[in-house]
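Notes follow once the structure below has been shown.
The values are calculated or read from the model by the stated rules, or taken from the named source; none is laboratory data. This one's a predicted model, so the numbers in the text were calculated from it and none came from an experiment. Reconstructed Cβ throughout: ideal geometry from the backbone, glycine too, with neighbour counts over all protein chains shown. Remember, those area values only see protein heavy atoms, side chains included, never the ligands or the DNA or RNA. Shrake-Rupley method; radii C 1.70, N 1.55, O 1.52, S 1.80 Å.
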Amino acid sequence: MSAARQPAIFVSHGSPTLPLERGPAIDFLRQLGNDLGRPEAILIASAHWDTERPAVSTAEEPETLYDFYGFPPELYRLRYPAPGAPQLALRAKKLLETSGLKTDLDPGRGLDHGAWTSLYLMYPDADIPVTQLSIQSHLGPAHHVRLGEALAPLRDEGVLIFASGGATHNLRELHYYRGSPVPQPWVAEFNEWLAHAVLAGRREDLIGYREKAPHAVRNHPTDEHLIPLYVALGAGGPAGVPQRLHTSISSGVISMDAYRFD
């Protein structure tokens with residue numbers, strides 16, 4: 001029996017406290033795992049593992065990483081003890097290197113909060129093998145589209161390609177608007193531009209978003225949280241039909257939007 005073809009998805013993971021929160025984005029993530037079904041394995045690209053060149057984790061039992069500080073004690077008691085997927089990591093390395101992308105293996109890399117907090121809500125049993133893929137934010141969006149394209153064959157092998165970042169990410173502005181129920185106009189405008197570009201398949205506009213999108217630099221002072229979107233975009237393929245799975249804005253400035261690429 002062949003494995004079911006899987007999509008590529010992009011999810012905005014928000015704050016590390018995501019598993020402790022309530023709201024529409026949390027309700028969406030809790031339902032998303034049911035909607036997607038159970039993949040054979042998950043390859044997740046997180047905004048919080050940024051390396052000089054691509055790397056994949058061959059950890060057999062990935063550690064739950066608390067790559068943050070100053071949060072409630074109960075957050076540090078949470079665990080996501082999913083099994084690793086070292087064979088998937090080797091397969092990903094082969095695909096990437098066949099496409100000319102020299103790739104490292106990291107036997108000790110665990111799951112950072114960009115990876116495990118969303119999975120904690122989506123697949124609470126933590127029984128699906130997971131490997132993590134690094135980003136290279138200094139190489140920009142086009143590089144990550146290429147990276148996603150190289151990994152696209154995994155979808156036909158039952159692997160969910162999961163990109164975790166943020167549709168917007170400006171923590172300095174979050175300091176001023178935290179708790180606000182009203183989306184800031186400059187966030188909403190960028191968020192809708194992004195959605196329209198994704199749904200219309202405007203790849204060149206997306207790759208050049210810093211020059212083409214309204215308020216792009218204000219929403220993304222640095223690239224790393226939007227970069228995972230391009231992995232999912234590339235893995236989805238140029239003929240795929242993207243879907244906007246969720247839209248909401250937290251604390252006035254943090255978009256929790258999510259997309260699916262088939």
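Tell me, what is the per residue accessible area of the chain in Å², probe radius 1.4 Å?
Working: 11180 Å² over 262 residues.
Ligands and nucleic acids excluded, the result is 43 Å² per residue.
Which far-off residues, 5 or more places away or on another chain, put their amide H under 5 Å from the one on SER248, with H placed in the peptide plane?
Those lying under 5 Å, H to H, from SER248 are MET256, ASP257.
Taking loop as defined by DSSP and a crowding limit of 13 other beta carbons within 10 Å, which chymotrypsin sites (Phe, Trp or Tyr not before Pro) in the stretch 173-247 fit? Write down the numbers at each step before the final one.
Working: sites: TYR176, TYR177, TRP186, PHE190, TRP193, TYR209, TYR230; in loops: none.
Counting only loop positions with at most 13 other Cβ atoms within 10 Å, none of the chymotrypsin sites (Phe, Trp or Tyr not before Pro) in the stretch 173-247 qualifies.
How large is ³J(HN,Hα) for each residue in the stretch 67-77, as worked out from phi by the Karplus curve 6.51 cos²θ - 1.76 cosθ + 1.60 (θ = phi - 60°), to whole Hz, x for Gly and Pro?
Once rounded to whole Hz, the list reads 8, 6, 8, x, 9, x, x, 5, 5, 6, 8.
Are there any chymotrypsin sites (Phe, Trp or Tyr not before Pro) in the stretch 3-102 that are in a DSSP loop and have at most 10 other Cβ atoms within 10 Å? List them by number. Could you put the intermediate results ahead of the total?
Details: sites: PHE10, PHE28, TRP49, TYR66, PHE68, TYR69, TYR76; in loops: TYR66, PHE68, TYR69.
Passing both the DSSP loop test and the Cβ count: TYR69.
Would you calculate a helix-derived [θ] at 222 nm for the chain, using -39,500 (n - 2.57) for each DSSP H run of n ≥ 4 and dividing by the full residue count, to the nearest 500?
The helix contribution divided over the chain gives -10000 deg cm²/dmol.
Which entry is the computed Kirkwood radius over Cα pairs in Å for this structure: (i) 18.1; (ii) 18.9; (iii) 20.5?
Of the labelled values, this structure produces (i).
Using modelled backbone amide H atoms (1.01 Å from N, in-plane), which distant-in-sequence or interchain residues come within less than 5 Å of ASP104's amide H?
When sequence neighbours closer than 5 places are left aside, the close amide H contacts are ALA55, VAL56.
What residue among VAL217, VAL130, VAL159 shows peak mean-square fluctuation when the chain is described by a Gaussian network model with Cα springs under 10 Å?
VAL217
At a 1.4 Å probe, what is the % contribution of carbon and sulfur to the accessible area of the chain? Write down the numbers at each step before the final one.
Values: 5810 of 11180 Å².
Carbon-and-sulfur percentage of accessible area, whole number: 52.
Lys/Arg Cβ at +1, Asp/Glu Cβ at -1, dipole of the chain taken about the Cα centre: which of VAL253, GLN136, GLY70 is farthest positive-ward?
VAL253
Antiparallel as a % of all DSSP beta bridges within the chain, to the nearest 5?
Working: 10 of 31 bridges.
Counting DSSP beta bridges with both partners in the chain, the antiparallel share is about 30 percent.
Using Cα springs under 10 Å in a Gaussian network model of the chain, which residue among PRO185, PRO153, PRO83 shows the largest mean-square fluctuation?
Largest GNM mean-square fluctuation: PRO185.
Given the C-alpha centroids of the stretch 67-123 and the stretch 5-40, what is the distance between them in whole angstrom?
Between the Cα centre of the stretch 67-123 and that of the stretch 5-40, the gap is 15 Å.
Between TRP49 and residues 5 or more places away or on another chain, which pairs have amide H atoms under 5 Å apart, with H built 1.01 Å from N, and which residues are they?
Amide H to amide H, under 5 Å and 5 or more residues apart or across chains, TRP49 pairs with ILE135.
Under a 10 Å cutoff between Cα atoms, tell me which one of GLY237, GLY108, GLY148 has the largest fluctuation in the Gaussian network model of the chain.
GLY108
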